[in-house]
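Visitor: Please see the structure below; I have some questions.
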């Protein structure tokens, strides 16, 4: 999903596919593994030909409809997250240091509700003192093992 900075429209994925087809641009294959924050090193040539499609409604800039570091989480997303926690039996945090308050406050909310909180993360988290269990290991490996255990129980 993406949203226009100019008019808040959310164009369909077909807009991006049409833009990609018309420009001939294809995502490059990174030569190295992505960094923990999701970044990847790409050759300069890959970025040189990249063009961001404009909003079909206002021609404004489109950006991914995600919360970037330093941005505020929209109130409605915070409310929805808290509602989900209120309906849950536990909270599982995967791959987050929780150093940003927007994540930490969800753990705090779960604890205030009396829910157990488990984290899978390598390294210190801001909420270590609130966790009932912390698994210090590679998130992908732990989740794969858990999936295997759950599939065995079927």
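The values are calculated or read from the model by the stated rules, or taken from the named source; none is laboratory data. Since this is a predicted model, take the numbers as computed values, not measurements. Cβ placement follows ideal geometry from the backbone for every residue including glycine, while neighbour counts extend to all protein chains displayed.
Visitor: Has the stretch 116-131 got any residue that is surrounded by fewer than 11 Cβ atoms within 10 Å (Cβ to Cβ) and within 21 Å of the chain's Cα centre (by Cα)?
Guide: yes
Visitor: Does residue 119 satisfy being modelled with pLDDT of 95 or more and under 30 Å from residue 9 (Cα atoms)?
Guide: It is false that residue 119 is modelled with pLDDT of 95 or more and under 30 Å from residue 9 (Cα atoms).
Visitor: Would you check if there is a residue in the stretch 100-113 being in contact with a helix residue (DSSP H, G or I) (Cβ under 9 Å, 6 or more places away or on another chain) and either in contact (Cβ under 8 Å) with a residue 60 or more places away in the chain or in a loop (DSSP other than H, G, I, E, B) (or both)? Quick ask: steps written out before the conclusion?
Guide: Within the stretch 100-113, the first condition is being in contact with a helix residue (DSSP H, G or I) (Cβ under 9 Å, 6 or more places away or on another chain), and the residues that meet it are 102, 104-111, 113.
If we keep only those that are either in contact (Cβ under 8 Å) with a residue 60 or more places away in the chain or in a loop (DSSP other than H, G, I, E, B) (or both) too, we end up with 113.
Scanning the stretch 100-113, I find at least one residue that is in contact with a helix residue (DSSP H, G or I) (Cβ under 9 Å, 6 or more places away or on another chain) and either in contact (Cβ under 8 Å) with a residue 60 or more places away in the chain or in a loop (DSSP other than H, G, I, E, B) (or both), so the answer is yes.
Visitor: Let me confirm something: among 149, 135, which residue is farther than 30 Å from residue 6 by Cβ and surrounded by 14 or more Cβ atoms within 10 Å (Cβ to Cβ)?
Guide: Exactly one residue qualifies, and that residue is 135.
Visitor: A follow-up question, please. I'd like to know if the stretch 86-93 contains one or more residues that are surrounded by 11 or more Cβ atoms within 10 Å (Cβ to Cβ), at pLDDT 70 or above, in a loop (DSSP other than H, G, I, E, B) and in contact with a strand residue (DSSP E or B) (Cβ under 6 Å, 6 or more places away or on another chain).
Guide: Just the residues of the stretch 86-93 that are surrounded by 11 or more Cβ atoms within 10 Å (Cβ to Cβ), to begin with: 86, 88, 90-93.
If we keep only those that are at pLDDT 70 or above as well, we get 86, 88, 90-93.
Right, trim to in a loop (DSSP other than H, G, I, E, B) and you get 88, 90.
Of the ones still in play, those that are also in contact with a strand residue (DSSP E or B) (Cβ under 6 Å, 6 or more places away or on another chain) are none.
No, every residue in the stretch 86-93 fails to be surrounded by 11 or more Cβ atoms within 10 Å (Cβ to Cβ), at pLDDT 70 or above, in a loop (DSSP other than H, G, I, E, B) and in contact with a strand residue (DSSP E or B) (Cβ under 6 Å, 6 or more places away or on another chain).
Visitor: From the list 15, 67, 78, exactly one residue is at pLDDT 80 or above, surrounded by 10 or more Cβ atoms within 10 Å (Cβ to Cβ) and assigned to a helix (DSSP H, G or I). Which is it?
Guide: One residue alone meets the criteria, 78.
Visitor: Filter the stretch 65-85 down to residues that are touching a strand residue (DSSP E or B) at 6+ places or on another chain (Cβ under 9 Å) and more than 20 Å from residue 115 (Cβ to Cβ), then give me how many there are.
Guide: So the count comes out to 1.
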